[in-house]
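Only the coordinates and a few stated rules stand behind these numbers; no lab work does. Being a predicted model, the structure only gives us computed values, none of them experimental. Here Cβ is always computed from backbone atoms with ideal geometry, including for glycine, and neighbour counts include all displayed protein chains.
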Amino acid sequence: MMRIARQARALYVDLSQQGVLRDIYHPRPTYMFARTDEEVAVIARHGSDLLDQGESIIPMTHAELMKRVPGLGQHVLAGMKVPLDGHAVGYRVVERFLAASGVVPQRHTAVEHLMLSGDRVIGVKTARQRIEADRVVVAAGLGSAGLVGLEGRLIPRKGQLIVTDRASLSGAALPGPLMSAGYLAAKRDLVLKQSSISLVIDPLTTGQFLIGSSRETGFTDRQTDVQTVSTLLREALLVYPALACQRVIRTFAGIRIGTCDGLPIVGRHPDVTDLFIATGMEGDGISLAPIIGCAIADMVLDRPARFDLQLLDPGRFKSLPISAG
Ligand SMILES: Cc1cc2nc3c(=O)[nH]c(=O)nc-3n(C[C@H](O)[C@H](O)[C@H](O)COP(=O)(O)OP(=O)(O)OC[C@H]3O[C@@H](n4cnc5c(N)ncnc54)[C@H](O)[C@@H]3O)c2cc1C
């Protein structure tokens, strides 16, 4: 996944230089931090894996982190800077791709069934109409489960987030996000705990902070609750006490879709011809969106593959029985 993530980031840079994502993708470093000896070990392991993949990293002591991120709390023991990371806002990426492709989505139009002829997909059926198609890509998040036989294999994980008012009137208030080692641990081990907090303090270009987030396995509602929001705020204040000056202006929640083996599911349906799946990106769907989009486009259009996503092939599941309408 690290190889694919690095290719995905390089594609963001390319698309930004080509103009499709100009002013949408912004290079910036990530600062990972550890508050306990276990977390120091998690960061060391992650750093060594990044180095193995050819990524640059800069290990930092507490004093070095303080120089880069003034206002950091005494609870942070050490950290690591990943200098060549970047940031893009998900919905702006989607808007840009839609504009570039000329595609006009039919909103509020759920697909109820796939239409099959033998073992071939021939279109989709909504409440109002049947839409014929040579090929169908199902990229419907949790809605993919019933359509392509992934019930029990997709795992929803709710995440609650907090938005503050502006700490800066001239762009981001910090050079990059502060990412806890707990966040890495939660991502690397999908079944770590039923629910956990994986803290990231993200300085937005508006000068606000986005503080997240929880990982609540099995939850599909989008409610925020006082308990989780207050835990997130308490942890964030310990790491970055300067936040105490900010006001909370909004809280919200979203659903990540993980998978039973921790890998996204991207590629041809193993049993149904001309049917493709792209889902299960958990907390990485914005980072991976362009690379997965390119890979699926290559498959659908029978072009030579630009990216090797074999690891994510749906064929790794023995059978994905689907019910057609
Ligand atoms: C708190 C939180 C923090 C995150 N942070 C990051 C991050 O830092 N970096 C990152 O890369 N990613 C992050 N993500 C993950 C990212 O948002 C997701 O991976 C990504 O949105 C998944 O995109 P998707 O298109 O696969 O699914 P979705 O965004 O879920 O889109 C699926 C779409 O399909 C539609 N649909 C469902 N059923 C049907 C149907 N039957 N017919 C038609 N349409 C249907 C839905 O309405 C929806 O519009 C985060 C997510 C959360 C919740």
Residue hits (region 71-89; surrounded by fewer than 21 Cβ atoms within 10 Å (Cβ to Cβ), more than 25 Å from residue 283 (Cα to Cα) and touching a residue at least 60 places away in the same chain (Cβ under 8 Å)) are 71, 73, 75
Just checking, does region 164-174 include any residue being of a type outside the set (S, T, N, Q) and within 12 Å of the ligand (Cβ to nearest atom)?
no
Going through 306, 256, 222 one at a time, which residue ends up being among the basic types (Lys, Arg), within 19 Å of the chain's Cα centre (by Cα) and part of a loop (DSSP other than H, G, I, E, B)?
222
Among the candidates 265, 249, 257, 211, which residue alone is closer than 19 Å to residue 72 by Cα and in contact with a strand residue (DSSP E or B) (Cβ under 6 Å, 6 or more places away or on another chain)?
211
Would you check if there is a residue in region 297-304 being touching a helix residue (DSSP H, G or I) at 6+ places or on another chain (Cβ under 8 Å) and in contact (Cβ under 8 Å) with a residue 60 or more places away in the chain?
no
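Here is a yes/no grid of residues against (1) assigned to a loop (DSSP other than H, G, I, E, B); (2) in contact with a strand residue (DSSP E or B) (Cβ under 9 Å, 6 or more places away or on another chain); (3) more than 13 Å from the ligand (Cβ to nearest atom); (4) of a type in the set (Gly, Ala, Ser):
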residue	(1), (2), (3), (4)
109	yes, yes, no, no
113	no, yes, no, no
121	no, yes, yes, no
134	yes, yes, yes, no
137	no, yes, no, no
142	no, yes, no, no
147	no, yes, no, no
152	yes, no, yes, yes
156	no, yes, no, no
